[in-house]
């Protein structure tokens, strides 16, 4: 019994170290990427007025909204269904899953590009944009052709290629900063900034797809679509259709309210208001990006541990929550004293008013960071549908509060709305996870 206990303890320690190691790899890449993204918007802000910065922000938000409507988060689907297939030795089933994922990937990004280009003039009229904005959005919309990287991300995560992912996470931001510096040196104009961002984003996405394909070929051999059919795939993978639907709506609930909020800010506060919101939101990615990565790293191992009823599940969850709370609290407190000073000094006095908004958004991001960790556990337990409903409620609350509080409190409104909405998923998912853990017999 002692030898068996020692073996189990060694396995538990190995799983914790593995999750921590993978998170560290991704965090190093995403941390650098987040700083580079913040640098890129800061460079643009120094050479453009808040209104023209708002033009770029509205262009990017529009494209992200369209992408969100056709983004199925396929890397989560691959992890959820691919890991059990590989654990069970069903390599052919895994290849069938990959074929389906690749088909959805490329079809969705092509359709998204067509919709984005065609709808830009109409959206511009509905939101009261200047004549220049729809043209900018149509240009940037062409980058959607390279957004079919869900399968690539899933493959790299399943096979623990986190070093590759870490490096790739920095490529796009490096290219964007480089493109912006070139435009600054030659002609700092909003049109050329959009051109540079379009090219850099497309190249960064293409590199990720290429890395995923290379790893896929190394692990499974050359992929062929010979004999591929869309018929019967839901019977081939029971529960897949339902999970795709849940993850699809979950990704939209995560993304669309905030991007729509940016578009609303442009309508309620003008392009400059959208620029201030984006500047503050980009800074909060110091928290939100590690949170997203933490969930992606935790999810595969939590699925494995929950299936095995491994007692390390609870230890991993509690450590991730503690780390998230300390990390978020540190940045929120720092922003109270230095947010306005940093923005005003680095970007110009006109941007200092974004400081209080930054503090509110960091507080909301801390709550979201904790909820993100809990969501990984909830997904592994099979609560994806309930979690989606909680986030739907949160999204409705956010948009309603956004409009109401922005009309009442001006630029502080978006931050207050984010704080109010963030409490719903954290409390709800936390209750679901605790209830399931109490009913499970981990390690027995």
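Figures for the structure shown
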item: Test for residue 427: is it closer than 22 Å to residue 282 by Cβ, modelled with pLDDT of 85 or more and assigned to a helix (DSSP H, G or I); result: no
item: Test result for residue 385, touching a helix residue (DSSP H, G or I) at 6+ places or on another chain (Cβ under 6 Å) and surrounded by fewer than 16 Cβ atoms within 10 Å (Cβ to Cβ); result: yes
item: Sole exception among (1) crowded, with 20+ Cβ neighbours inside 10 Å; (2) within 21 Å of residue 279 (Cβ to Cβ) for residue 372, by number; result: (2)
item: From 169, 102, 156, residue being closer than 15 Å to residue 211 by Cβ, surrounded by 16 or more Cβ atoms within 10 Å (Cβ to Cβ), in contact with a helix residue (DSSP H, G or I) (Cβ under 9 Å, 6 or more places away or on another chain) and without any contact (Cβ under 8 Å) to a residue 60 or more places away in the chain; result: 156
item: Residues satisfying the stated conditions in the range 333-358, i.e. at pLDDT 85 or above and buried (at least 23 other Cβ atoms within 10 Å of the Cβ); result: 335, 354, 357, 358
item: Residue in the range 289-296 that is in contact with a helix residue (DSSP H, G or I) (Cβ under 9 Å, 6 or more places away or on another chain) and at pLDDT 75 or above present; result: no
item: Exclusive hit being surrounded by 15 or more Cβ atoms within 10 Å (Cβ to Cβ) and more than 16 Å from the chain's Cα centre (by Cα), set 201, 220; result: 220
item: Sole residue being surrounded by 18 or more Cβ atoms within 10 Å (Cβ to Cβ), farther than 28 Å from residue 195 by Cα, under 24 Å from the mean Cα position of the chain (by Cα) and at pLDDT below 90, chosen from 36, 85, 26; result: 26
item: Among the residues listed as 328, 275, the single one being modelled with pLDDT under 85, assigned to a helix (DSSP H, G or I) and closer than 30 Å to residue 60 by Cβ; result: 328
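Conditions (1) surrounded by 16 or more Cβ atoms within 10 Å (Cβ to Cβ); (2) under 30 Å from residue 271 (Cβ atoms), marked per residue:
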{"site": "66", "(1), (2)": "yes, yes"}
{"site": "81", "(1), (2)": "yes, no"}
{"site": "94", "(1), (2)": "yes, no"}
{"site": "118", "(1), (2)": "no, yes"}
{"site": "122", "(1), (2)": "no, yes"}
{"site": "133", "(1), (2)": "yes, yes"}
{"site": "139", "(1), (2)": "yes, yes"}
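The values are calculated or read from the model by the stated rules, or taken from the named source; none is laboratory data. Remember, predicted model here, so these are calculated numbers, not experimental data. Neighbour counts are summed over all protein chains in view; Cβ atoms, including those assigned to glycine, are modelled from backbone coordinates with ideal geometry.
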